[in-house]
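Every number here is computed from the coordinates shown, using simple stated rules; none is lab data. The structure presented is a predicted model; accordingly, all values stated were derived computationally and were not measured. Neighbour counts run over all protein chains shown; Cβ positions are idealised from the backbone, glycine included.
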Amino acid sequence: MKSDTILVTGACGQIGSELVLALRKQYKNVIASDLKEPTGELKESGEFVRLDVLHKNGLSECVHQYGVKQMYHLAAILSATGEQNPELAWRINMKGLRNMLDVCTESSVQKLFFPSSMAVFGPHTPKVNTPQYTVMDPNTIYGISKQAGERWCDWYFQKKGLDVRSIRYPGLISYKTKAGGGTTDYAVDIFFEALEKKKYTCFLKEDTLLPMMYMPDAVRGTIELMEAPAEKITVRSSYNLSGFSFAPAELAAEIKKQIPDFTIIYQPDFRQSIADSWPKSMDDSYAKTDWGWKPEFDLSAMTKDMIANIEAMQETV
Ligand code: VAH
């Protein structure tokens, strides 16, 4: 087991809760932190510290007390919630990141991970096979904060030599911790509703094609990026990363193969305009070339794995 002490913020969130468990399989000391208390395997499997990323002193004291060498900063407000609470989203997503960047440069931290998102792209970005470098005109506070965050990360690398690395995640699908406040959350909620009620009301139009990824691939890719030799990393803003693209109708059809009497209706809400501003697919050739990225799950394999694991979880309840 590797000995670097790692601190994960936002550890109780959709990505954090699975990333911590994966890191704890490789590292002896992985400290989970969040504002809310952990539960279940996340709580039982290791150290937890209650941290507010807006309080730099608390963050700094934790880093110095534990001799933290790597940080994964996952605490953030997502797209849909951000549009309803723009001031809160900007404050947490920007001041939280600045605190992390400054604590890194003022301490023993050698490596920082920053999660960006396909939300940094906007209405004038080429939507098919969106390039690594292209027009970026995000029109959500979440996307604007992630774009600004990418620029801050690149600046801290260029000007202060901080080894900060980042991924532009597509929509992420998982079963261990429900997503919260995202526009792509339909692709998580649909599985729970399909198994519980055999029906789902989707808040996006049936043909809304979006890049997506299964969480096991996202977690593996994140750790692979952080473990790659520094000289391999040519992108210090954020790497495009993608698994596969689908629309709600395609996901519903895949679920119906496993649950034949499943039905879906479509009632688009404010999140439709957010989804319409995002890519339909992303070019992640830089990640493939620089550090060997390769997704393992496709739509069919993800659907089967999600249903099998949610059914198994429900049996233990
Ligand atoms: C959201 N799940 O919907 C997040 C993600 C690209 C989407 O950033 O806000």
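A few comments on the model shown:
- Under the convention that each Lys and Arg Cβ holds +1 and each Asp and Glu Cβ holds -1, the size of the dipole of the chain around its Cα centre is about 580 debye.
- Distance between modelled label sites at TRP155 and ASN57, nm, 7 Å Cα→Cβ extension: 2.6 nm
- For the chain, modelled as a GNM whose springs connect Cα atoms under 10 angstrom apart, the maximal fluctuation among VAL128, VAL30, VAL68 occurs at VAL128.
- Inter-probe distance in nm under a simple model that places probes 7 Å from Cα toward Cβ, at LYS95 and LYS176: 3.1 nm
- Inter-site label distance for ALA253 and ALA230 at 7 Å from Cα along Cβ, in nm: 4.9 nm
- Cα centroids of the stretch 58-87 and the stretch 230-304: 25 Å apart.
- Distance from the Cα centroid of the stretch 7-49 to that of the stretch 111-155 is 26 Å (rounded to whole angstrom).
- GNM flexibility winner over the chain from VAL120, VAL109, VAL135 (Cα, springs under 10 Å): VAL135
- Positive dipole terminus of the stretch 176-317, leading residue within PHE297, VAL219, SER273 (C-beta point charges): SER273
- DSSP beta bridges confined to the chain are antiparallel in about 10 percent of cases.
- For the chain, the mean residue ellipticity at 222 nm estimated from helices alone is -12500 deg cm²/dmol, where every DSSP H run of n ≥ 4 contributes -39500 (n - 2.57) and the total is divided by all residues, rounded to the nearest 500.
- Of the chymotrypsin sites (Phe, Trp or Tyr not before Pro) in the stretch 105-191, those whose Cβ has at most 10 other Cβ within 10 Å and which sit in DSSP loop: TYR133
- Modelled FRET efficiency - R0 30 Å, LEU88 with LYS304, Cβ distances, 0.05 increments: 0.20
- Computed packing ranks the peptides 59-65, 92-98, 256-262 as 92-98, 59-65, 256-262, most packed first, by mean other Cβ atoms within 10 Å.
- Cα pair distances of the stretch 256-317 binned at 10 Å [whole percent]: 15, 25, 37, 21, 2
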